[in-house]
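Worksheet: one structure, shown below.
Bear in mind that the values in this text are calculations on the coordinates, not laboratory data. Please read all numbers here as calculations on a predicted model, not as lab measurements. Glycine gets a Cβ as well: all are built from the backbone with ideal geometry, and neighbour counts include every protein chain shown.
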Amino acid sequence: MKNEIYGYFPYPIKWIDDKWLINIDSEQIPLGAEIIELNDTKTEKIIPELYKYYSTDGNNLTGKRIGLMTSFSKYYRLHFGLTQNFKINYVNPISKQLETKNVEGVDYKTYIENFRKMHSMSVDQYYYADLKENQKYKYKQLDSITGILTIQTFDMGNETTKEHLKYNQFLDSIFADIKTEGLKNLIVDVRNNGGGTDPNDLITYSYLTNRKFQENIQAWISFNKIPMLKYIDHKVPSFIRPLFIGKFNKEFQQIFPQEKNGKFYQDENSDDHKIRTPNQNAFTGNVYLLTSPKIASAGSLFAAMLAGNENTTTIGEETMGGYYGHNGHTSLEYKLPKSKIIIQFSVVNLEQDVPKKENQKYNRGIIPDYNITQTFSDFLNNTDTQMNFTLKLIKKK
């Protein structure tokens, strides 16, 4: 990929109103142009072919669309090979006429540069790896009865790190203020939250619930010994690999000692099953949870528990992570013997501590109470459709 000087589709794209649009104001193709065909193949045929390159929990398409919005150029190259030129048939957003333009393929570095110049930056900011600490979370009081808590990620270390302690102090301070101010409404925006480290998700939830809770009800793996050991990809010398794998297997067997119907369950006395209690300053007013397809892992665990609360209204799009459970915690890496492609995936199946709800389905992400997506007009104007809907909903109540 580093040595390829051409072959990649040059423009970032975005899914708006069931259409794939150009998400950059380029000189060749106008912003918001709907892509109908690439190299004489309809977009509606191309997209399903690329879904397999981006995995999600269960039968979830919203998360896959997020993956394509980020890496469409790379996935197209993997599937269709290096492409010198792209013939793009598109609908001009101004004239509404079908037009055709031929553009040259670019190298991957140029695509990334274009991606960073995308027009619509709303919830796409999660994919920037260089988020500063002060961008990870913030709180703003809108008026005398409403505040907004934004949590971009739970990647803030654990109990041993200064960053975690600082976040804990932040939560303690703002929820004490919220209680003092007597706020009635709290908007919790986790649309960029792709996960992070325990116990940041759990501590945050303790400020937003009035019930006792656990990290998960149960957790299990489907093996007693790591399968296909010779393909495990770990950066250790070959002569100590057996010792390394043996230690890893022993740890698995200690953590998941209870066998039932071919599955190996986590010890019921583990920290994951510890009963946790609400914080004394926990907010008990109206919660408005903003969701998006980017939410996964610890982000979806937190969002699922919060969505399960009776005082929570969920607004936005279906999340990538599941409501009832997800795969997480320990991950394994395998290197395929011929292609040398490395595959990484989590192996622990987690059943989350959430109530059953009629609108939540197994093998799906968190289904919002109000499914609100960005409109084409708001896309062009970079307007936050979901936040505006939420603020109007609060005024009605």
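Each Cα pair under 8 Å and six or more residues apart adds its separation to the average, and for the chain the resulting relative contact order is 17 percent.
Dipole magnitude for region 239-395: computed about the Cα centre from +1 point charges on Lys and Arg Cβ and -1 point charges on Asp and Glu Cβ, it is near 560 debye.
Which shape class, rounded, prolate or oblate, goes with region 1-116 when its Cα gyration tensor gives a ≥ b ≥ c as root eigenvalues, a/c under 1.5 marks rounded, and past that a/b bigger than b/c marks prolate?
oblate
Taken over the alpha carbons of region 305-392 as equal point scatterers, the Debye sum produces base-10 log I(q)/I(0) values at 0.20, 0.24 Å⁻¹ of -0.94, -1.12.
Listed by chain and number, the aspartates and glutamates placed with their C-alpha closer than 19 angstrom to that of Lys225 are Asp233, Glu251, Glu259, Asp267, Glu333; residues fewer than eight positions away on the same chain are left out.
The distance linking region 27-63 with region 185-215 is 32 Å (Cα centroid to Cα centroid, whole angstrom). Each pair of Cα atoms in region 59-218 enters the Kirkwood radius, and Stokes-Einstein at 25 °C and 0.890 mPa s then converts it into a translational diffusion coefficient of 126 µm²/s. Give me the net charge for the shell around Gln344: Cβ to Cβ below 11 angstrom, other residues only, Lys and Arg +1, Asp and Glu -1. Taking every Cβ under 11 Å from that of Gln344, the sum is -1.
Between the residues Phe376, Asn3, Ile174, the greatest Cα displacement towards the positive end of the dipole of the chain, with unit charges on the Cβ of Lys, Arg, Asp and Glu, is found for Asn3. Of the Cα atoms belonging to the chain, the radius of gyration and Dmax stand at 22.9, 68 Å. Which of the chymotrypsin sites (Phe, Trp or Tyr not before Pro) across region 346-397 are loop residues per DSSP, with 14 or fewer other Cβ within 10 Å? Passing sites in region 346-397 are Tyr362.
Ranked by the mean number of other Cβ atoms within 10 Å of their residues, highest first, the peptides 170-179, 95-104 fall in the order 170-179, 95-104.
The Cβ shell under 13 Å around Asp198 holds other residues with a net charge of -4, Lys and Arg each +1, Asp and Glu each -1.
For the residue pairs Lys14/Lys45; Lys52/Lys140; Lys96/Lys117; Lys52/Lys162, the alpha carbons lie more than 28 Å apart in Lys52/Lys140; Lys52/Lys162. Charges were assigned to the Cβ only: +1 to each Lys and Arg, -1 to each Asp and Glu. The resulting dipole of region 247-304 about its Cα centre is roughly 140 debye. Between the listed residues Tyr288, Ile13, Pro48, the Cα displaced farthest toward the positive end of the dipole of the chain, a dipole computed from Cβ unit charges relative to the Cα centre, is found at Pro48. Segment Lys87..Phe389, full-extension length gain: 104.9 nm, with 0.36 nm per residue of separation and the alpha-carbon distance subtracted. Here the chain is treated with +1 on each Lys and Arg Cβ and -1 on each Asp and Glu Cβ, and its dipole about the Cα centre works out to around 600 debye. Please go through the residue pairs Lys230/Lys274; Lys166/Lys397; Lys274/Lys356 and name each one whose alpha carbons sit more than 26 Å apart in this structure. Lys230/Lys274; Lys166/Lys397, as the Cα separations exceed 26 Å there.
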